[in-house]
Amino acid sequence: CRIMDNLTRALVVSTVVCVGVGFWLVADMRFALRAMRNLSILGEQGLLEEVCVAHELLLKTRRPFVRLLQRAILPGALEASYALQLYLVGRMDPALTMADRAVGSARNRPAILAGALAARIQILTSLGRYEEAREEVARLRAIPALHVQPSLLPVVGLLAFYLGDLAEARAVADEALAKEPRDSSSKGLLATIHMVQGETRHVPKAGDYLLV
């Protein structure tokens, strides 16, 4: 009877713990979904500083399952997103620091690493640190193509554009558009190249996709 009582208690405790953890998990996942939805809404409204604040709060959260999601399932993804937001508001040094953090966290996740490297390339290019950006392009190109989204390639083409290699920039834009014909960044890069080369007949009306 004593053995049965102990087994019963253990079963009850295990059940309570499992139910508690389950509720905790659901609560944390709901929090994460709300946070990501908030980031999306703020971005659509053009509230870039608020987007940065929301990223910072999400990175500092103490919710265990959200932290597990950030560190074990999507390592570096939030950091890469934050780096780009910091770049958009002109905070270049923090942006580069965050991009470095994203690259380090995502080193074993090629798809996330590709996004982190693209962010770093964009920031380095904007800072005029072209040689470092070229090194990161080599790292990005070393990742198997299936892990590299076509939308990431325009940063490679933009670097080539700034270096004066219009043929390479055009080749990258064509490569990206061959994979994703609707990518607006690639269209913008290609339209800008056409304009610089005087091929105005290829430039979309009203400069819809021109890069500035």
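Taken together, A171, A191 contain a single residue that is under 22 Å from E132 (Cα atoms) and part of a helix (DSSP H, G or I), which is A171. Figure legend. Inter-residue proximity from region 156-176: first residues without any contact (Cβ under 8 Å) to a residue 24 or more places away in the chain, second residues open to solvent by 60 Å² or more (accessible area, probe 1.4 Å), beta-carbon distance below 6 Å, spacing 6+ or different chains. Indicated pairs: A160/E168.
For R34, the conditions (1) farther than 15 Å from L140 by Cα; (2) surrounded by 16 or more Cβ atoms within 10 Å (Cβ to Cβ) are fulfilled apart from (2).
If the condition is being under 19 Å from the mean Cα position of the chain (by Cα) and crowded, with 20+ Cβ neighbours inside 10 Å, then region 184-193 contributes S185, S186.
Of everything in region 70-91 that's more than 21 Å from L42 (Cα to Cα) and aliphatic (A, V, I, L, M), which residue is least open to solvent (accessible area, probe 1.4 Å)? In this case the residue turns out to be A72. On the given criteria, is V17 at pLDDT below 70, of a type in the set (A, V, I, L, M), more than 26 Å from A142 (Cβ to Cβ) and open to solvent by less than 70 Å² (accessible area, probe 1.4 Å)? Considered against the rule, which asks whether it is at pLDDT below 70, of a type in the set (A, V, I, L, M), more than 26 Å from A142 (Cβ to Cβ) and open to solvent by less than 70 Å² (accessible area, probe 1.4 Å), V17 comes out as no.
The values are calculated or read from the model by the stated rules, or taken from the named source; none is laboratory data. Since the model is a prediction, treat every value here as computed from it, not as a measurement. Cβ sites come from the backbone with ideal geometry, for glycine too, and all protein chains shown count toward neighbours. Ligands, DNA and RNA are stripped out before the accessible areas are found, and what is left, the full protein with its side chains, is counted by its heavy atoms. Shrake-Rupley method; radii C 1.70, N 1.55, O 1.52, S 1.80 Å.
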